Amino acid sequence: MKNGIHPENYRLVVFKDMSNDEMFLCKSTAETKDTIEYEGQEYPLIKMEISSTSHPFYTGKTKLVDTAGRVDKFMSKYKKFAK
């Protein structure tokens, strides 16, 4: 590895999957202003829409995640091509 190219400011951060409220603690350099109490201590919080605990590839369950109406927008845009 090259010296001097990797960040030095790693700290413990809680990552929270917003679709199922699962949380895990990991070292990260990601910036955030949010904090959360986890296992009796306060940590910075990174909110995620999907993680390995909710992703269909890992869970084997199909789940539609439509946070911005993307499916409806697609359907209305291509409605004219339907037979």
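The values are calculated or read from the model by the stated rules, or taken from the named source; none is laboratory data. All of these numbers come straight from a predicted model, not from anything done at the bench. Virtual Cβ from ideal backbone geometry, glycine too; neighbours counted across all protein chains shown. Side chains are part of the model used for accessible areas, which takes the heavy atoms of the whole protein and leaves out ligands, DNA and RNA. Shrake-Rupley method; radii C 1.70, N 1.55, O 1.52, S 1.80 Å.
Between A82 and Y10, the modelled label-to-label distance comes to 5.1 nm, taking each label 7 Å out from Cα in the direction of the beta carbon.
Compared with the direct C-alpha span, the chain from D21 to T53 gains 10.6 nm at full extension, assuming 0.36 nm per residue.
For the ranges 31-42, 9-20, what's the packing order if you count other beta-carbon atoms within 10 Å of each residue, average per peptide, and put the highest first?
Final packing ranking: 9-20, 31-42.
The listed residues S28, S52, once ranked by accessible area (1.4 Å probe) with the largest placed first, stand as S52, S28.
The distance between label points at V71 and E31 comes to 3.6 nm (points 7 Å beyond Cα on the Cα→Cβ vector).
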